[in-house]
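Visitor: Pasting in a structure now, in structure tokens, and then I'll have a few things to ask.
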Amino acid sequence: MESYLFPFDSLICMLLGISFTVWFTLLLVFIIVPAIFGVSFGIRRLYMKSLIKLFEVSELMLSVSVILQRGSAEPEFDMSDIFYFCRRGVESIVDDEVTKRFTAEELESWNLLTRSNYNFHHISTRLTALWGMGVLIRYGFLLPLRVTLAFTGVGLLVVLTSIVGLFPNGRMKNYLSDKVHLMCYRICIRALTAIITYHDSENKPKNGGICVANHTSPIDVIILASDGCYAMVGQVHGGLMGVIQRAMVKACPHIWFERSEVKDRHLVAKRLSDHVADESKLPILIFPEGTCINNTSVMMFKKGSFEIGCTVYPVAIKYDPRFGDAFWNSSKFGMVNYLLHMMSSWAIVCSVWYLPPMSRMEGEDAVQFANRVKAAIARKGGLADLLWDGGLKRGKVKEVFKEEQQKLYSKVLVGSSEDRSRS
Amino acid sequence: MGSTSSTLLKIPNVEVLMQETGFSPAHIIRLHDRFKALDKEGRGHLCPQDFGAIKELAMNPIGDRIIGAFFSPGKETVDFHTFVKILAHFRPVDKDRPKEPNSPEPINSRSNKLKFAFQLYDQDKDGKISRDELLKVLRSMLGMQVTEEQLESIADRTIQEADLDRDEAISFEEFRKSLEKVNIDHKMSIRFLR
């Protein structure tokens, strides 16, 4: 019995070994090496083009099969068709802009991801087969590939930044730190199959400034940081994030705040100003909105970063929703769930626009400046400019607004007694 | 942002309104803001022209029917309460609401949603959708894309499929039956802010 198993055993081992080697070599050659040097084979763009064709085909199949199911090629009517118009009509009556912004856009065309088609039911076998194959490819092939890359990217980031941290401060260290950061972020980009188009790169943020961008998902950081070097700002976390943060700060100065320090606005402002004043330090990357908006609008920018009084480099990021929705509804999904969603989507396609730098003008206060920057970003990215505070999603009411309400309430109390006497 | 408690105080009988419709205070305030925004002349009620000023509604093929749904026969104005009650039809169905035996059916129940849709078809309010009424709706929704014969054949086919008692018209029960497989909650609900 054993003598039978032996040759199979070693055969299997050999096959496994060979396939792993081939796998990793391919990975290295096609993904990691280009990431290191910042070149691209154009594989991802080719992939994107084929995906678009695939979506068009599936949409055609969808509409054809829906018509066929109804039994004729004529415009078919169903009693329930009126609901669509009715609903649209009522939506325009209610026209609650804020609600529209907070839930992910429902897509008109179906991009073969069940999440975005709420009414998925068996339409045609061919379409289901296509969807099934899509699931297999996404979860069986793309997901493991991406997870491997993600681990590689993060691992390299931690290891290499720690090594660079051993160097003495100086030009060599800065140069190496830049290279290391860029390389690792590029690997992470490939881990998400993110296909990014950068526009107007001549406006890229320079040292001594603050880079301000609209925020749709945690991926925004990776997207921007793979094209330029920034100093990150954030709260100190524990666990894996903490390890990454501590390693990164060894190579170049990032700004990490302790939880207690975050509440102290003056401390935050001081640290940011100090960083900005030092010309040798990298531009700070800040997302003033403070929470993830679903990429159709730009909510109220918090004024803190605009009070510092240095040049602001606005950046607009817009995701293409056809390929995968990058929006993170943090009150609904946790981080791991979100990353899983991201890594099992087809791709993440987005555009980044670097806008020309802006500074606070004479007689303008921080809030007006913030609004001006926000409007510029919204205009560029084709996003709707809204006045609402992004904090609405979690329902917090700031102290200032609370005080204002109390003032109005007391006014009304005096006023309402008059109304009551009248009625 | 909005002055929450003071706005709520200004609305008469707001508690009853919230009870009947199931909207939360935040919803009511949003709808009140919207009501005020539509009521451009500040009269405290809306007339058909106020609705007509909404661009997307004017472009909607059945826009005027939807507007008509807000004004009960004989009334020329809509006050805030009626506004909210009609919009309550579009609240998503409360899946967790316990079924109390004596409480009235909520405004956003499946049945009431269907009734709302039914009245969009049944303009003369005789409880039946006649062939003529169906043709009118079809003409509104399909516009000039379709010839008169195609329109008539569609109408005839629809009546044939749905009309169970063979009276050449679709009653509410037949309407309901023809839509039993349709996910009304999804199609006739809109997302109101939490």
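The values are calculated or read from the model by the stated rules, or taken from the named source; none is laboratory data. Because the structure is predicted, anything quoted here is derived from the model rather than measured. So basically every Cβ, Gly included, is an ideal-geometry build from the backbone, and we count neighbours across all protein chains shown.
Visitor: Determine whether the range A:230-240 contains at least one residue that is on the phi < 0 side of the Ramachandran plot, assigned to a helix (DSSP H, G or I), hydrophobic (A, V, I, L, M, F, W, C) and at pLDDT below 85.
Guide: Yes, there is a match, as at least one residue in the range A:230-240 is on the phi < 0 side of the Ramachandran plot, assigned to a helix (DSSP H, G or I), hydrophobic (A, V, I, L, M, F, W, C) and at pLDDT below 85.
Visitor: Within the range A:330-343, is even one residue within 14 Å of chain B (Cβ to nearest Cβ), modelled with pLDDT under 70 and crowded, with 16+ Cβ neighbours inside 10 Å?
Guide: No, because not a single residue in the range A:330-343 is within 14 Å of chain B (Cβ to nearest Cβ), modelled with pLDDT under 70 and crowded, with 16+ Cβ neighbours inside 10 Å.
Visitor: Taking the range A:180-223, which residues are aromatic (Phe, Trp, Tyr) and not in a strand (DSSP E or B)?
Guide: A:Tyr185
Visitor: Going through B:Val84, B:Val16 one at a time, which residue ends up being away from chain A (no Cβ under 14 Å), farther than 28 Å from B:Ser171 by Cβ and among the β-branched types (Val, Ile, Thr)?
Guide: B:Val16
Visitor: In this structure, does B:Ser153 turn out to be more than 23 Å from A:Arg87 (Cα to Cα), at the interface with chain A (Cβ under 10 Å from one of its Cβ atoms) and at pLDDT below 90?
Guide: Answer is yes for this residue.
Visitor: I've got another one for you. One residue is enough: does the range A:284-291 have a residue meeting the conditions at pLDDT 75 or above and surrounded by fewer than 17 Cβ atoms within 10 Å (Cβ to Cβ)?
Guide: Within the range A:284-291, none of the residues are at pLDDT 75 or above and surrounded by fewer than 17 Cβ atoms within 10 Å (Cβ to Cβ).
Visitor: Another question about this same structure. Looking only at residues in the range B:10-51 that are of a type in the set (Gly, Ala, Ser) and touching a residue at least 60 places away in the same chain (Cβ under 8 Å), which one is nearest to B:Lys75 (Cα to Cα)?
Guide: B:Gly22
Visitor: If a residue has to be surrounded by fewer than 13 Cβ atoms within 10 Å (Cβ to Cβ) and more than 14 Å from chain A (Cβ to nearest Cβ) to count, how many in the range B:30-45 make the cut?
Guide: Residues in the range B:30-45 being surrounded by fewer than 13 Cβ atoms within 10 Å (Cβ to Cβ) and more than 14 Å from chain A (Cβ to nearest Cβ): 4 in total.
Visitor: Specify the residue that is modelled with the highest pLDDT; the eligible residues are those in the range B:171-194 that are within 8 Å of another protein chain (Cβ to nearest Cβ) and farther than 19 Å from A:Tyr84 by Cβ.
Guide: Checking each candidate, the answer is B:Leu193.
Visitor: Let me ask something additional. Being more than 28 Å from A:Thr152 (Cβ to Cβ) and either modelled with pLDDT of 85 or more or among the charged types (D, E, K, R) (or both) narrows it down to one residue among A:Arg246, A:Arg265; which is it?
Guide: Only one candidate qualifies: A:Arg265.
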